Amino acid sequence: MKPQALSLSCHYCPEYNTPACALSLILCMSIGVIPFPTRRVILFLVLGLAIAFAGGRPLCLQAQSLVAANTALSSPTGRWKTIDDKTGKVKSIVAIREVNGELDGTIQTLFNPPVPHPTCYLCSGAMKDRPLVGLQILWGFKKNGSQWIGGQVLDPETGKIYRASLAVEDGGKKLRLHGFIGIPLLGRTQYWTRVE
């Protein structure tokens, strides 16, 4: 038996020179008019074109990067702008990170502080009189479904520590921080926005 010559044509479109021919070629591959070895070559050509159109990166790597980006946006880790409840202006930037499965957050930047180099003068214990920039104000949050719970938040203006929960909302653009004493129904919620 003589092997068939490799050909990118079929009896529907012998010249293969138009976009309609490309569709015809795919149809011929699916119904078996084109022999198997040729179908394999065409499949590799199509995959090569797909990778070329994907900027040289294999499509599976692009899918992985999309999943990683989505995971990053669904996580509270990152930098967040805190908003002043009274003025509605950005008050600070808090950096949240995950360490050993728990979240903690520190004040990274202050905007328009009332005094230069402010400290937590109302705090007690080890946090008393520590500079606000670099002060840890969130700690102990553990993932539970789509929320992070069981943590605590320090209000540096009052020096009080509250139990709290965190949840990412609006496609990763907002962080809902709910602080409370006792039961969560009797608490206060703040919304922070992610630093782009």
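The values are calculated or read from the model by the stated rules, or taken from the named source; none is laboratory data. Computed from a predicted model, the values in this text were never measured in an experiment. Reconstructed Cβ throughout: ideal geometry from the backbone, glycine too, with neighbour counts over all protein chains shown.
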Taking first residues from region 175-188 that are closer than 16 Å to Trp139 by Cα and second residues anywhere that are assigned to a loop (DSSP other than H, G, I, E, B) and at pLDDT 95 or above, the pairs with Cβ under 8 Å that are 6 or more apart or on different chains are Leu175/Pro76
Quiz item: Do we find a residue being within 25 Å of Ser74 (Cα to Cα), at pLDDT 95 or above and of a type outside the set (Phe, Trp, Tyr) anywhere in region 179-187?
Solution: yes
Looking at Thr119, is it out of contact with any Ser or Thr (no Cβ under 7 Å at 6 or more places or on another chain), more than 19 Å from Gln152 (Cα to Cα) and either buried (at least 16 other Cβ atoms within 10 Å of the Cβ) or not assigned by TED's automatic domain parsing to the domain that holds Leu177 (or both)? yes
Output for Cβ contacts, cut-off 8 Å, separation at least six or different chains, first residue without any contact (Cβ under 8 Å) to a residue 24 or more places away in the chain in region 134-145, second surrounded by fewer than 17 Cβ atoms within 10 Å (Cβ to Cβ) and in a strand (DSSP E or B), reads Asn144/Gly150
Being outside any loop (DSSP other than H, G, I, E, B), surrounded by 12 or more Cβ atoms within 10 Å (Cβ to Cβ) and in contact with a Cys (Cβ under 8 Å, 6 or more places away or on another chain) narrows Leu154, Leu166 down to just Leu154
The condition of being surrounded by fewer than 18 Cβ atoms within 10 Å (Cβ to Cβ) and either part of a loop (DSSP other than H, G, I, E, B) or more than 19 Å from the chain's Cα centre (by Cα) (or both) holds, among Arg188, Arg176, only for Arg188
Condition check: in a loop (DSSP other than H, G, I, E, B), among the small types (Gly, Ala, Ser) and assigned by TED's automatic domain parsing to the domain that holds Asp85. Does Gly171 satisfy that? no
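Quick grid of which residues meet (1) surrounded by 13 or more Cβ atoms within 10 Å (Cβ to Cβ); (2) of a type in the set (Lys, Arg); (3) not in a strand (DSSP E or B):
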position: Leu103; (1), (2), (3): yes, no, no
position: Gln108; (1), (2), (3): yes, no, no
position: Cys123; (1), (2), (3): yes, no, yes
position: Asp129; (1), (2), (3): no, no, yes
position: Ile137; (1), (2), (3): yes, no, no
position: Gly140; (1), (2), (3): yes, no, no
position: Lys143; (1), (2), (3): yes, yes, no
position: Ile149; (1), (2), (3): yes, no, no
